[in-house]
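A.B. asks: Sending over a structure as structure tokens; questions will come in a sec.
Just so it is clear, none of the values below were taken in a lab; they were calculated from the coordinates. What you see is a predicted model; the values in this text were computed from it and never measured. Counting neighbours? That spans all protein chains shown, and the Cβs are built from the backbone with ideal geometry, glycine included.
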Amino acid sequence: MRYLPVFLVLSSCSGGSDDDSADAGTGITAKIIMPKDGAEFEWDDLIELEVKVRDGQDIPEYRSVVWTVGDATAKGDFASLDADKAGEGAVDVTVELAVGLDTYTDTVRIAVGGKGGDTGNDTGNDSGNDTGTVGSLNYAGSMATHIWYDGEYGTFDADCPGTVTVNIAEDGTMSGTGYCKADGEYDFYFTIEGKQKGGGALSGDLIGEVDGSVARTPFTGTGQDGETLNASYDKTFNDSGESVRIAGAWTASPV
């Protein structure tokens, strides 16, 4: 079973095509990429956490990444948490990144608070599965992904069909796995994390991991309880002249 070399590149990408100007120059810097300063979140939103660290134009080795988001904490250069765990109102998001014996930090401020519960057209006060189904629901289906790569290993452009399995817990938490095979030869595995909100809105990430590094491809979609789920995704990762784009959709039906 072979793995496309680009997946090793992808695992070390910082995510997105954000402005790198704050990382220019010399010395180690840590910059919060997500969330953006001033971003607003409802209580049932998922806060994505992403930091970029540079030593001049290089990526240094670091021992740990710890986030403090209001009343909550998380670990990892890519992480996420439910907004309702952070507190209410103005919330500081601080990252502490340990390189050697030194610690580097960055802070942004976000706003948390809002509707919670229903945010769509359904009725009642459900706080998880859209129709208030008791217990969790399992889904299975397919994914149709396309992967583009341009960088040190040349270029790559291929369809990557595969499968997905998803569970939605009573509180609306989504978890699952995805798999696709590019060019009938290269295997890609993903972890699925996300949330089903009121009205059946879906959001979350396809997460690829290699040697402890992760890359998150956000997805959005729709799906009421007990009905087919549909989601799509499209993200380009850029890092040091390497470019990887993952785009496509997955669909899953109750099993």
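A.B. asks: If you take the C-alpha gyration tensor of region 19-112, multiply each eigenvalue by 5 and take the square root, what semi-axes do you get, largest first, in whole Å?
C.D. replies: 25, 13, 10
A.B. asks: Order of 46-55, 69-78, 245-254 by packing, highest average Cβ count within 10 Å first?
C.D. replies: Working: 46-55: 20.8, 69-78: 17.0, 245-254: 18.9.
Result, highest mean first: 46-55, 245-254, 69-78.
A.B. asks: Using a basic spin-label model with each label point 7 Å from the Cα along Cα→Cβ, how many nm lie between Thr228 and Thr165?
C.D. replies: 2.2 nm
A.B. asks: Rounded to whole Å and sorted largest first, list the principal axis extents of the Cα atoms in region 126-254.
C.D. replies: 50, 27, 24
A.B. asks: OK, next. Between Trp148 and Ala39, what is the label-point separation in nm under the 7 Å Cα-to-beta-carbon projection?
C.D. replies: Result for the modelled spin labels: 2.4 nm.
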